[in-house]
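Working notes for the structure below.
None of the figures in this text is laboratory data; all of them are computed from the coordinates on show. The structure presented is a predicted model; accordingly, all values stated were derived computationally and were not measured. Here the Cβ positions follow ideal geometry from the backbone for every residue, glycine too, while neighbour counts run over all protein chains shown.
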Amino acid sequence: MNKTYLFDTPPTWLAKAIAYQIFPDRFRRSASIGLNSQLALKPWDSDPKEQGFQGGDLYGVINELDYLQNLGITCIYLTPIFSSAANHRYHTYDYFQVDPILGGNKALDTLIQCLHERDMKLILDGVFNHCGRGFWAFHHLVENGKNSPYLDWFTIHRWPIKPYPEEGEDCGYSCWWNDPALPKFNHKNSQVREYLTSVAMYWIRKGIDGWRLDVPNEVPLDFWATFRREVKSINSEAWIIGEIWGDARTWLKDRYFDGVMNYRIGWSSLSWAGKDQLATNYINPNYPIKKINSQFLVDILETTFGWYSREVNHSQLNLLDSHDVPRALHSLGNDVKALKIALLILFLLPGVPCIYYGTEAGLCGGAEPECREAMPSIDNFDLNLYGFIRSLIALRKNTSCLFENEYRWQSFGEDALLAWRKESIDFNEDKEILILAFINRSRNSWLKIPGPHDFVNPLFLCGEIELNAQGLAPQSAVLFRTSLDYQFLN
């Protein structure tokens, strides 16, 4: 197979991108969809563990674009929006129709137009591994059995198939994680591949700016090669992100995707920042929340970014949490100071930082589906946290020179980290200009910084500095520019 097309460059707009993930049913309900006023929707802010729909829609997203742009967001990533019988919409039954509860295709057209007028981008969630039981080809198979012309679109193990089996009963066909509600596509079938690729191309032509791909490790690599070629042929600047939780070299070495959801950054940053107050009841080997020391975090960062090229590292979607894991604040035992530290680490790393909706409001839901709670009104925000995230985004966007090159990380004792990089050379004094960040996670100890100090006017401060003692307060961090010689830099 000719792979030359796979080695293209990443989208140029990623260099200054700040992403914001939205779970549409829980973000904002508008008054723009008359039908919804007549539907049996759940009350807003109902328990997220309940089945049903709370009625967030795409017009609600449009109504909040001023808010999102003021926060500093440049790219919205929406979890699935196509017609589905589940509030998370991973049970797709029509890939060419935006769910009417969300406002339908017209609402998406309007959202795309409004975003592009603001020079903002939109990434959609592509579920191309499986569909819902209501998907037209699977419905045809259910109704017609062996006589259906779509027989080979799925993998059948026995007849008759049972899409609604009794407990412990085999449904008779391949499905995602043995869930009969999610029939798996047969990607060996050329018609299936052509159909799914046509979906991707259709929405790229409609103006979306890329795809986040659900469980792509369960789909053959050659399908993703075709997928990338066709999508990039329409929009070479489209961003293709895979949901790979760990080592993604198989998909990124040959650039099947531009990047992945960088969950390793998320769990390790939270694990370090939270230290002894972590909520460790969530068990997931791909997202292990556990107490770690500073050197362990440095090793994770060096290993993860060492796996990939510089271009890939700057194309990753870096995140602390998402719709699939407990919210960051929950994992941190509701410690806002620890969250600020984890966010600073996130923003110092190469790649696109992603904020999960409601993080800035102080939402702290637990494991899925509790992490999918309704967005509160701004009157119920943690305004201190909102202001911190806004200032962190402003730092990243307005001083992009601080993030063009990757920082080197080193442990600084049990409870501290140091990130640094060379910025330039002062030819007048023949000295290098450095950018340094000291981060202290301790809840009770000041961090003593040996040697010279030059952070009287820091570029960014999280917490408190005691200049006379050359120290950094508990759960604080400082980012500054200096020409002084720090002998302890590795």
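Tilt of helix 294-306 relative to the longest C-alpha principal axis of the chain, in degrees (0 to 90, nearest 10)?
Result, in degrees: 60.
Measure nothing but the geometry: give the 0 to 90° angle between the long axis through the Cα atoms of 336-348 and the longest principal axis through the Cα atoms of the chain, rounded to 10°.
Roughly 90 degrees, rounded to the nearest 10.
Quick one: which of 13-20, 154-161 comes out on top by average Cβ neighbours within 10 Å, and what's the full order, highest first?
13-20, 154-161
Alpha carbon centre of the range 389-413 versus the range 133-211: separation in Å?
Centre-to-centre distance over Cα atoms comes out at 44 Å.
Sort 240-246, 186-192 by the packing proxy (mean of other Cβ within 10 Å over each peptide's residues), most packed first.
The peptides rank, most packed first, as 240-246, 186-192.
Suppose the chain between LYS146 and CYS114 were pulled fully straight at 0.36 nm per residue; how much longer would it get relative to their current alpha carbon spacing?
Going from the current span to full extension adds 6.8 nm.
Where does the charge balance sit around ARG441 when Lys and Arg score +1, Asp and Glu -1, over other residues with C-beta under 12 Å from its C-beta?
+1
Arranged from highest to lowest average of other beta-carbon atoms within 10 Å per residue, in what order do the peptides 473-484, 108-119 appear?
473-484, 108-119
Going by alpha carbons, how many degrees (0 to 90, nearest 10) lie between the helix axis of 263-274 and the longest principal axis of the chain?
Tilt of helix 263-274: around 50 degrees.
Under a straight-distance cross-link criterion of Cα-Cα below 21 Å, which lysines are reachable from LYS232, leaving out those fewer than 8 residues away in the same chain?
Within the straight-line limit of under 21 Å, LYS232 reaches these lysines: LYS3, LYS16, LYS121, LYS206, LYS253.
Stick to the Cα atoms of the range 139-197, pair each with every other, and give me the Kirkwood hydrodynamic radius in Å at one decimal.
Kirkwood radius, the range 139-197: 11.9 Å.
Using the Karplus equation 6.51 cos²θ - 1.76 cosθ + 1.60 (θ = phi - 60°), what ³J(HN,Hα) coupling, rounded to whole Hz, does each residue of the range 356-366 give in order, writing x for Gly and Pro?
Result, ordered by residue: 7, 3, x, 4, 5, 8, x, 5, 9, x, x Hz.
Restricting to the chain, compute how many DSSP beta bridges are antiparallel as a %, nearest 5.
For the chain, the DSSP antiparallel bridge percentage is about 60.
Going by Cα centres, the range 265-279 and the range 284-336 are how many Å apart?
9 Å
Mind checking which lysines have their C-alpha under 27 Å from LYS162, skipping anything on the same chain fewer than 8 residues away?
LYS49, LYS146, LYS184, LYS188
Treat every Asp and Glu Cβ in the chain as -1 and every Lys and Arg Cβ as +1, leave all other atoms uncharged, and give the resulting dipole magnitude about the Cα centre to the nearest 20 debye.
It comes to approximately 500 debye.
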